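Report on the following structure.
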Amino acid sequence: MYISLLFALLLIVCLQGCKRGVATGGELPAPAGVAVAQVAIDTMDLANPFVIYDGAKDIYYMTGDGGYLWRSTDMRVWEGPFDVLRPSQASWVGTGAVVASPEIHKYKGRYYYMATFVQPEVVIDTVAGKPVLRTSCEIFASDSITGPYEQLTAEKPLLAPDYMAVHPTFCEDELNVGYLIYNYAAEQSGNATVQIIRLGRNLDVQVGEPYVMFSASQNVWSSAVAENGEKSYSPMMRAPFMFDTRGGELGILFDTAIDGASAIGVAYTEKGHGLNGPWHIEPQPLLTGNVGGPMLFKDYDGTLVMALHKDSVVGGVKKSVPQFMRMDSQFDKLKVKGHYKF
């Protein structure tokens, strides 16, 4: 009897350990030459982290710069990286493109992976004597959250090829029409703008022309120092992410700079207005301290969490460490409540 009971307890511990380690026999492929590992969140180097929670399996999935996928059951230890993107060789993305600021969104029963892609050998423009590389947003799709994600826009790019678009995100309106929101980059425009464009039924084509929601120059608290020492607004703006407050107001997270250090801000629509705004940037940053790439998700018990990265220099090497903050959106405004407690 005691032996049977001991065996049963050991079996339960083993099964629980397997679940917590998320070791599932390697059904997800690793990048060539890279071993799958388990890494603590505070030792990772991953800019623009994006987290999506699968409640049915009680698993968190995270992606970020580089375009790989990580998974975890507790948000503290992450297993990966896994190779889930399948770029089309017929596309300008092809091989060799750098992947940045990716996101995963569920829409009409499918999962859509959208990201910034940069071709480091292709110059599309020259601004102030500096080359502007081919940089744009593309969308991939899969029936599973774990992929593989096939490129939707293989033959024709989603956006204009001579247009530097970065940091895509996604939203849908009350009629379930999908929209792409992104930044028209300051490196080409001189004044970054958050823009929105309607997408087709399968999210593989743009419909109409982009609409400017707001620009970096509207932000009163951002700042940059010119070579002559004069201060002005920072023309940089990155990482739009749309959310709803408890009161039903629309908001967009973004990051910009204060004297060279990145900070996170938020813009809101006027109550009762839709995606076209008007949009108003809050007069103070939401979070400062070399932080960026913000997005929101809910954990296993519905807690609102903001994922972001914090930049630091360790041993002369820049590192972007993912962090999680507990959030609240009471009184129609997003509030930081403190660091997430695991």
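The values are calculated or read from the model by the stated rules, or taken from the named source; none is laboratory data. Remember, predicted model here, so these are calculated numbers, not experimental data. Because the Cβ atoms are built from the backbone with ideal geometry, glycine has one as well, and the counts that use them run over all protein chains shown.
Summary table below
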item	result
Complete set of residues in segment 198-222 that are basic (K, R) and outside any strand (DSSP E or B)	R201
Conditions (1) under 16 Å from S142 (Cβ atoms); (2) in a loop (DSSP other than H, G, I, E, B): number failed by A30	(1)
Residue selected from segment 10-57 under the condition of a type in the set (D, E) and within 29 Å of G292 (Cβ to Cβ), by the criterion modelled with the lowest pLDDT	D42
Members of segment 37-63 found to be surrounded by 15 or more Cβ atoms within 10 Å (Cβ to Cβ) and closer than 14 Å to E79 by Cα, listed by number	V39, I41, M44, D45, L46, V51, I59, Y60, Y61, M62, T63
Of all residues making up segment 132-155, the number that are among the β-branched types (V, I, T) and within 18 Å of A97 (Cα to Cα)	4
Hits in segment 195-211 (condition: within 20 Å of the chain's Cα centre (by Cα) and of a type in the set (D, E))	D204
Pair list, Cβ under 8 Å, 6 or more apart: segment 29-40 residue farther than 8 Å from D83 by Cβ, other residue of a type in the set (K, R) and assigned to a loop (DSSP other than H, G, I, E, B)	A40/R76
Residue list for segment 136-158, restricted to those being part of a loop (DSSP other than H, G, I, E, B) and aliphatic (A, V, I, L, M)	I145, L152, A154, L158
Every residue from segment 223-250 that is of a type outside the set (A, V, I, L, M), assigned to a strand (DSSP E or B) and at pLDDT below 95	S223, K231, S232, R238, P240, F243, D244
Cβ pairs under 6 Å, 6+ apart, first in segment 87-106 and crowded, with 18+ Cβ neighbours inside 10 Å, second assigned to a strand (DSSP E or B) and among the aliphatic types (A, V, I, L, M)	V99/A115; P102/A115; E103/M114; I104/I52
Residue selected from segment 181-197 under the condition assigned to a loop (DSSP other than H, G, I, E, B) and on the phi < 0 side of the Ramachandran plot, by the criterion surrounded by the most Cβ atoms within 10 Å (Cβ to Cβ)	A192
Qualifying residues in segment 324-342 (those that are assigned to a strand (DSSP E or B) and touching a Gly at 6+ places or on another chain (Cβ under 8 Å)) - the one nearest to P294 (Cα to Cα)	M325
Test: residue in segment 159-172 that is closer than 19 Å to G67 by Cα, touching a His at 6+ places or on another chain (Cβ under 7 Å), assigned to a strand (DSSP E or B) and not aromatic (F, W, Y)	no
Search result, residues across segment 280-323 that are in a loop (DSSP other than H, G, I, E, B) and either among the aliphatic types (A, V, I, L, M) or in contact (Cβ under 8 Å) with a residue 60 or more places away in the chain (or both)	P283, Q284, P285, L286, D299, Y300
